[in-house]
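Worksheet for the structure shown next.
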């Protein structure tokens, strides 16, 4: 077995895990109360969660809660008016959830290379891929670091192309002081188990256009207007194909509780992130995946390093019961995307593929842990 095939590290008292779910302490009691009540599926708690999320992150935009980040992405692609055969530029380096919904819709995927410093989508690569058939650009804020939004918004406006942000990593991140989720036409978020906080599973879609937000509420529930239905009005026809993409009140209860604690969550993660950055950035054998641009405030979901001997460092850390790994495979390695990458080259992705390593950042990691992990990496980096 090669070291790349090491299993997930067991959850023991000893050691530092790569990821750990964040659930607010009060959620256990609040969920118990919810289970004794009337609303378990989508109900008033979902509305409350949307309002709280909108106030904190979406600002003037609408916030629509969904069953997953993938649901949110699929809805964004539908709401953007994308049709079979339309070209969409997206990053080669992301969770498959970003790009698989494009396959549902028969879209033509055009993969862009990544930026070698940030691992975000390369603006230069995007520019080279634009044609008259390009209808959307999808960017992913890798690890919580905002993409070059000024450039992407400029490209989008110049070419009349919709910009969609996959912000699954970037809850709490800001660009020019504005929260990610309040910048472009559509932004999507994930509350899957290992994100900043979890609702068991769940997602959020922020939308600039109010009419499209109303449509989003219909298509997440079979195309039906729930408010009219609950008022006993069945004259409303189903005019568009909908899905079962809604969030439950149980999940929304967890979400509301965690939003109450989010400032603490983010502050702690940023403290761990900055500990790594301070301890590792002066070592010339290590390159931190980071951007010192003052316009960007990091959401600190991941801390990533670029090193020559990634496998060796990973093995040495595991011997000290410290779990590290790579979080995504480049999408052109998957058979379902092969037809979109024939003859294409991704030099930056090729360079980083076997060099990048993700370190633990979550709420159970202490500054002492991060300092010790950094000490080991500094020792073993070549």
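The values are calculated or read from the model by the stated rules, or taken from the named source; none is laboratory data. Just so we're clear, the structure is a prediction, and the values are computed from it rather than from any experiment. Virtual Cβ from ideal backbone geometry, glycine too; neighbours counted across all protein chains shown.
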Q | Qualifying positions in region 5-34 - at pLDDT 95 or above, more than 27 Å from residue 206 (Cβ to Cβ) and in contact with a helix residue (DSSP H, G or I) (Cβ under 8 Å, 6 or more places away or on another chain) | A | 16
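Give the residue, chosen from 150, 185, 201, that is closer than 14 Å to residue 70 by Cα and either touching a helix residue (DSSP H, G or I) at 6+ places or on another chain (Cβ under 7 Å) or assigned by TED's automatic domain parsing to the domain that holds residue 64 (or both).
Values: 150 fails: closer than 14 Å to residue 70 by Cα; 185 fails: closer than 14 Å to residue 70 by Cα.
Answer to the selection: 201.
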**Q.** Out of 84, 128, sole residue that is closer than 16 Å to residue 152 by Cα and either surrounded by fewer than 18 Cβ atoms within 10 Å (Cβ to Cβ) or outside the structural domain of residue 147 (by TED's automatic domain parsing) (or both)
**A.** 128
Q: State all residues of region 87-103 that are surrounded by fewer than 20 Cβ atoms within 10 Å (Cβ to Cβ) and within 17 Å of residue 131 (Cα to Cα); if no residue qualifies, say none.
A: 87
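The rows are residues; the columns are (1) in contact (Cβ under 8 Å) with a residue 60 or more places away in the chain; (2) over 23 Å from residue 21 (Cα atoms); (3) assigned by TED's automatic domain parsing to the domain that holds residue 90.
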residue	(1), (2), (3)
272	yes, no, no
300	yes, no, no
304	yes, no, no
310	no, yes, no
318	yes, no, no
342	no, yes, no
360	yes, no, no
376	yes, yes, no
Q: Please work out if residue 354 is under 30 Å from residue 266 (Cα atoms) and either loosely packed, with under 14 Cβ neighbours inside 10 Å or in contact (Cβ under 8 Å) with a residue 60 or more places away in the chain (or both).
A: yes
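Give me a count of the residues in region 17-38 that are touching a residue at least 40 places away in the same chain (Cβ under 8 Å), assigned to a loop (DSSP other than H, G, I, E, B) and more than 19 Å from residue 194 (Cβ to Cβ).
Just the residues of region 17-38 that are touching a residue at least 40 places away in the same chain (Cβ under 8 Å), to begin with: 17-24, 26-27, 30-31, 34-35.
Those still in the list that are assigned to a loop (DSSP other than H, G, I, E, B) too: 17-24, 26.
Checking the rest, the ones that are also more than 19 Å from residue 194 (Cβ to Cβ) come to 26.
Final tally of qualifying residues: 1.
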Q.
Just to check your reading of the model, which residue among 97, 36, 24, 63 is touching a strand residue (DSSP E or B) at 6+ places or on another chain (Cβ under 7 Å) and at negative phi?
A. 63
Q | Qualifying positions in region 187-223 - surrounded by 17 or more Cβ atoms within 10 Å (Cβ to Cβ) and farther than 25 Å from residue 257 by Cα | A | 212, 215, 218, 219
Q) Could you give every pair whose Cβ atoms fall below 6 Å, whose first residue belongs to region 1-16 and is at negative phi, and whose second residue is at pLDDT 55 or above and assigned to a helix (DSSP H, G or I), counting only separations of at least 6 or pairs across chains? A) 3/311; 3/315; 16/369
Q. So how many residues does region 39-69 have that are closer than 16 Å to residue 219 by Cα and within 20 Å of the chain's Cα centre (by Cα)?
A. 8
Q. Restricting attention to region 357-379, which residues are over 18 Å from the mean Cα position of the chain (by Cα), assigned to a loop (DSSP other than H, G, I, E, B) and under 15 Å from residue 318 (Cα atoms)?
A. none
